[in-house]
Structure formats: structure tokens, C-alpha cells
Amino acid sequence: MTSTQPLRPSGVFIHRSKLWPSIHRQCQGGKKIPGRVKHRAALDAVLAVLSALAAWPLFALQAAPVSTNAPVFELRKGERYFRADGTPAFVLGRNPVGVDAAAFAEHFQHAAAGERFIRIHFTYSPAGETAGEIHPDMLRMWDAVLDAAEKNNLAVLPVLGIWSDWNDGSHGETWHLWERNPFNAILGGPAKRPSELLEDSECQKLWFKRLETLVKHWAHRRCIVGWEIFSEVDLITGATEDRAVEFATRAAAIVQASDPEHRPTTVSQSGIKVWPKLLVSDAVQIVSVHPYAADPFGGNLDELILKSVRERLQTCRKPVLIGECGLDWAAPRGTLDVAPGAEVGIRHAIWASVVSGAMSGRMLWWQDGWDQFEKTDVCRHYEQAAVPTAAFVKGIDFTGFAPVVCEAPGLMGAMLGNDHQLIGWFRDVRCVPPQWPQRRVRGRSVTLGGRTGKWLVEFVDVLSGQVIKRRTEMARKRELKISMPAFRGSIALRLTVSTQ
């Protein structure tokens, strides 16, 4: 989450940089947004708990036997989707958080709902840890988490570095953790400035030692699908694009040398920020976006996802991953996340991700458990949020899928596909925040150019993922016009070339 997006306590397994929200954030476009920090002592209390947990016996985290089967997912060179069970597929996932092993287990159990991809921050440094080293108790606990992920046949993208450890608040950020970073010279570390991480320095060498240790330790694991070297690198105090590229290039070389499987690497930026040199570098083999729809986006997360993903597909020519997202970066008190129609907005965003061209969807933040640390409860509303989209994409081979140009007057949405199969999702243009009114829509159509022949069209209910109507449409003069049935709010559709 960016500095425009508050962070929450992660419990045992997640970095302290995700611990306490209500902060001063720097929004996706660079605009400063004032924030507030309440009960700062609570942050110290949470960190103390985490440090204590790091010394606990591991009986509560019994490791499951590690499978020797094939990788859960893999990304082949030149492809834009992970392969699941050998076939390119769209994957649904989350950013799980928990204060204990049982809480993590609850997230993992949602694999049954079609979520098979998880992104976890393995960055927490307990008190007393030395720069460049990893506390053995923390490593054992993280191993147990990965054991559980493999037992549930989940793919994991480990995040190995996080911006807030390397932010000193000197640019107005209220929430930062440089003062607690073991690499800080004040604490006996090698660095006087956070930006030394991005320079050819003793600090960088020691951080690379930590990076190499983690990658070598986990390289054998079938659940690892790639490596997110650093999350939101642009928020490091003193960061520049050129320094970030140099850092990412060196780090990626270490990862590739340490991982016999040569899994893909990524380095993310905050929000939808773009550093072109970084995105086109070889270190970024997967482009990661973090769309949050706070101002100036007005809560229209579905539109933001479609726009940001498709822009990066066009300019970078690489797979695009939605790493995290939300209606707002701010804590869910008085924001759109707690609006009466928020579930509609989140549902729209998940469906938009399916047809955006991204390789992943859902990937929420507050709704994945971080809400508990703000004493709110939005998580429980979204435990089954991915079920309809999982049913919709099940069995679809996404080989060669790419954005498809279409016209849909009165609707907002998109089409995606290849020469023989297409998928789409559209909503009423009036179904927008803050109320997301779900009016009944009639008489709409979607037109696609460059299509010939006969197509089987299936219209799908967005609440269940089940087909509600089927019919055959014939293209005329290289144009396929699809008359939509009446629907309320939004509707999805699948098209397949008919052989009859």
C-alpha cells in the first residue's frame, strides 16, 4: 500500500511497515494528502507483541509435509498469464494478514472459493535483529506459513522489502519506520540515510545478503510463483527513478542467481505511478499496479483498474499483476469502504479485473483482514467475493487473450479474448459511487468490429457466476452486435465461435 494508503498490523508474519494506519499519505499522482495518527502508543504495543511472538515456541504453527509435486503456478516466457494445471488462467487472490496461525489458516481455506494466489510481506524484523541477518525464529514461522500454503495448493508471491522501513518522514509523511530499521546507523546499522539502500553501499550489500538468504532458502518451494523484490520503491526517502532501476537490476541478478527455477521478479510502485525506465527494465518481468480509487478517482475502482492495466499492457508489453487495490487508501471509517453500496463497488472492481487483461484479480487490502486493526469490520463481507468470478473463469484457456475494442453506449466495461473466445463485463454507466444505484437496464447492446461467422453467446449473472441465457449471434459485414438481455447493475458474458 502506498503512502497515500494506510497500513495495518500484520501479526506474526507480516512486516511492521504494514502495522498502523490513519497516516499521512502521498497519493498515486504525487498529491500530498494530510492524515492523522491516532494512539501512536498502539503501534509500539503492536510491535512489542510481534517481538514477543517471534520468541514463541512453534507448536501453534505445525508445518505440513512439503509436497514434491509440480509448481502450483508458473509463468512462461512471452505469456501474460500464470499457468495453473498447465493452462494459462486468470487467478484470484488476496493480501492475507493474521495475528496468529489460525487467522492465516482462515485465509488459506478460501482456496475453495477459487482464490489460489496470495501475496505476503516477509519483511518483519524483530527487536535485536542485525542488519543483513534474519532471526531464526521468524524464518521458522515463515516456513510454517509456506508449508500451509503448499498444503492448500496456493501460489505465493513473497514481498521481500517494503517502503516504510526506508522512509524517514522528511517529505511530510506522518507514518514511517526508518527510526526502527536495523539498517539505521542510529541503531548500529550501516546507513545514515534511507536512500543508501539504492546506492552501491555497505547498506545495500547487507540488504542483498538478506535477500539472497531468503531466496536460496525458499527456492525449492513449489508454492513460490515469483519474487516481489520491493514494494513501492518510489516511496523510499530520496528515491529517484535512475537509482531505483540500478537497485532493481542488481537485486534481480542476485535473485536469478539464487533461484535455480529462475522465477520472474517484480518491483512495484505506489498506486498507479509510472517510472518508465523501471517498468521496461529486465528486473521487472511482471508489472505490478496498486490502484486505489480515492480522490481524484472518485471511488470508481473498476474504471481505474481497466485504465491502468490496459495502459501498462500497451506500453510495457509485459504481464500485468494487480498487487493490491481498494476503493480508498484511508482507514475504513467514513470512507467509501463502509458506504452502504461498497460491496457493489468491490464486485464491479473484481469483474473489471477479469476483463482488464491483468493476470490477477480481487487482491483487496482492508477487506483481507487489515480492517481489524482499525477496529472496524469490512472483511467478513468479502470472504466469498471471488466465488462468482471464479465460477465464470473456470475452465477458460486464456492463451492469447488481449483487450478487444468494442462499442457499448450507456455501459461501462470491456471485452477480452482471442480469435475464437471472448469474455466481457459491463455495468450501467449510472451505477457509480457513492450510492451505486442498481437500476434495471434494458435495450443495451455491445458491438465488436472485425468479427465473422456465428458465435454462441452466454450471459452470466454477476452474483452467482452462472449462465442465465444462451443464444447464437451472427456477425454481419465483419461486425458482431450483441443485444443484451435486461439486467440490474451489471452483467457478464462469454462468446465462443460456433461450429454448428
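The values are calculated or read from the model by the stated rules, or taken from the named source; none is laboratory data. Predicted model only: the values in this text are computed from it and were never measured. No Cβ is skipped: glycine too gets one built from the backbone with ideal geometry, and neighbour counts run over all protein chains shown.
Any residue at all in segment 250-259 that is in a loop (DSSP other than H, G, I, E, B) and in contact (Cβ under 8 Å) with a residue 12 or more places away in the chain? So far as segment 250-259 goes, yes, one or more of its residues are in a loop (DSSP other than H, G, I, E, B) and in contact (Cβ under 8 Å) with a residue 12 or more places away in the chain. Inspect all residues belonging to segment 133-146 and state whether any of them is within 25 Å of the chain's Cα centre (by Cα), in the same structural domain as residue 221 (by TED's automatic domain parsing) and in a strand (DSSP E or B). No. I'd like to check something: does segment 442-450 contain any residue that is surrounded by fewer than 19 Cβ atoms within 10 Å (Cβ to Cβ), on the phi < 0 side of the Ramachandran plot, without any contact (Cβ under 8 Å) to a residue 40 or more places away in the chain and in a strand (DSSP E or B)? The answer is yes; a qualifying residue exists.
Within segment 451-488, if we keep just the residues that are assigned to a loop (DSSP other than H, G, I, E, B) and in contact with a Phe, Trp or Tyr (Cβ under 8 Å, 6 or more places away or on another chain), the residue that is surrounded by the fewest Cβ atoms within 10 Å (Cβ to Cβ) turns out to be 485.
Restricting attention to segment 149-197, and to residues there that are of a type in the set (S, T, N, Q) and assigned to a helix (DSSP H, G or I), which single residue is farthest from residue 115 (Cα to Cα)? Out of the qualifying residues, it is 195.
Inside segment 384-410, residues that are of a type in the set (A, V, I, L, M, F, W, C), assigned to a strand (DSSP E or B) and surrounded by fewer than 18 Cβ atoms within 10 Å (Cβ to Cβ) make up a count of 1. Does residue 182 qualify as being modelled with pLDDT of 95 or more, under 15 Å from residue 134 (Cβ atoms) and under 20 Å from the mean Cα position of the chain (by Cα)? Considered against the rule, which asks whether it is modelled with pLDDT of 95 or more, under 15 Å from residue 134 (Cβ atoms) and under 20 Å from the mean Cα position of the chain (by Cα), residue 182 comes out as no.
Among all residues of segment 472-479, there is none that is farther than 24 Å from residue 353 by Cβ, hydroxyl-bearing (Ser, Thr, Tyr) and modelled with pLDDT under 95.
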